[in-house]
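Colleague: First, the structure itself, so that you have it in front of you.
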Amino acid sequence: MKLSRESVVRAALALLDDVGLDGLTLRALAERLHVQASALYWHVRNRQELVDQMAAAMIRDGLGDLATAGAWMDQLADIARGFRQTLLSHRDGARVLAEARTADPAMSRLTELSLRNLTAAGFSPQDAMRALVSVLSYVAGFVADEQSPRPVAHTPDPVLFPLLTAAGGDYYTPETFEYGLELLLGGLRLARLTSR
């Protein structure tokens, strides 16, 4: 098999799905590709560059064609949902994005188009960027919790913890995500209206 940067990154994403980020090493990747580890250095200098390239591939795959037209709240909601699906598309996807150190041009283009839409809606460039960062940070944090191992659940004593018992269940669900996103977007809408 002839190696390329693309084939190395795709193999790394497949390995990530099998072993998680903690198990992703250049040696393990070389074994998967049936090459010596030194062969990988023609395509990535080190593990950090590999993680950067994996993050870029995830962004291009998940958000590269995302439309950025429409009302600013709809656009931000679409970006949030697309970003969540992008992070969930691979095991430890949120951690990969968190560990990446370089931004991909696809993300820069999406950011620029988002800022254009938000500033056209009346946000200053600084507030538009704050809004976008807030939304993306919410998504990344939510998905990081979604992808983390859950502690062994115990049933609370309903006498001591009646409200916790009534709430019950796992709240890292699409419904909870949408609830938090709605709260965040509603707050941004209110901030925009009161700043005028």
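The values are calculated or read from the model by the stated rules, or taken from the named source; none is laboratory data. The model shown is predicted, which means the values in this text are computed figures rather than measured ones. We place every Cβ from the backbone using ideal geometry, glycine too, and count neighbours over all the protein chains shown. These area figures cover heavy atoms from the full protein model, side chains too; ligands, DNA and RNA do not enter into them. Shrake-Rupley method; radii C 1.70, N 1.55, O 1.52, S 1.80 Å.
Colleague: Under the rule a/c < 1.5 gives rounded, and otherwise a/b versus b/c splits prolate from oblate, where does the stretch 124-175 land using the Cα gyration tensor?
Modeller: Working: a/c = 4.39, a/b = 2.41, b/c = 1.83.
Taking the square roots of the gyration eigenvalues as a ≥ b ≥ c, the stretch 124-175 is prolate.
Colleague: List residues of the stretch 1-32, by number, whose backbone nitrogen lies under 16 Å from a label position 7 Å along Cα→C-beta of Ala39.
Modeller: Once the point is set 7 Å along Cα→Cβ of Ala39, 1-12, 26-32 turn out to lie under 16 Å by backbone N, inside the stretch 1-32.
Colleague: I'd like to check one number: the per residue accessible area of the chain, probe 1.4 Å, reported in Å² as a whole number. Don't jump to the answer; show the numbers that get you there.
Modeller: On the way: 11300 Å² over 196 residues.
On a per-residue basis, the chain sits at 58 Å².
Colleague: Could you give the semi-axes, largest first, of the ellipsoid that matches the stretch 1-64, computed as the square roots of 5 times the alpha carbon gyration tensor eigenvalues and rounded to whole Å? Let's see the in-between values first.
Modeller: Numbers: eigenvalues 63, 34, 22 Å².
Rounded to whole Å, the semi-axes are 18, 13, 11.
Colleague: Of all trypsin sites (Lys or Arg not before Pro) in the stretch 32-111, which ones are in loop regions per DSSP and have a Cβ with at most 15 other Cβ atoms within 10 Å? Walk me through the intermediate numbers first.
Modeller: Details: sites: Arg32, Arg45, Arg47, Arg60, Arg81, Arg84, Arg91, Arg95, Arg101, Arg109; in loops: Arg45, Arg91, Arg101.
When the trypsin sites (Lys or Arg not before Pro) of the stretch 32-111 are filtered for loop state and at most 15 Cβ neighbours within 10 Å, Arg45, Arg101 remain.
Colleague: The stretch 163-196 to the stretch 40-77: how many Å between their Cα centroids?
Modeller: Value for the Cα centre distance between the two parts: 26 Å.
Colleague: Counting only protein heavy atoms, what percent of the accessible surface of the chain is carbon or sulfur at a 1.4 Å probe? Working shown, then result.
Modeller: Details: 6530 of 11300 Å².
Result for the chain: 58 percent of the exposed heavy-atom area is carbon or sulfur.
Colleague: Further, regarding this structure: For the chain, what class follows from the C-alpha gyration tensor (a ≥ b ≥ c being the square roots of its eigenvalues): rounded when a/c is under 1.5, otherwise prolate if a/b is larger than b/c, else oblate?
Modeller: Numbers: a/c = 3.10, a/b = 1.27, b/c = 2.44.
In terms of gyration-tensor shape, oblate.
Colleague: How large is ³J(HN,Hα), in whole Hz, for each residue of the stretch 156-173 in order, when computed from phi with the Karplus curve 6.51 cos²θ - 1.76 cosθ + 1.60 and θ = phi - 60°, using x for Gly and Pro?
Modeller: 3J(HN,Hα) across the stretch 156-173, in whole Hz: x, 5, x, 6, 7, 10, x, 6, 4, 5, 5, 5, x, x, 8, 9, 8, 10.
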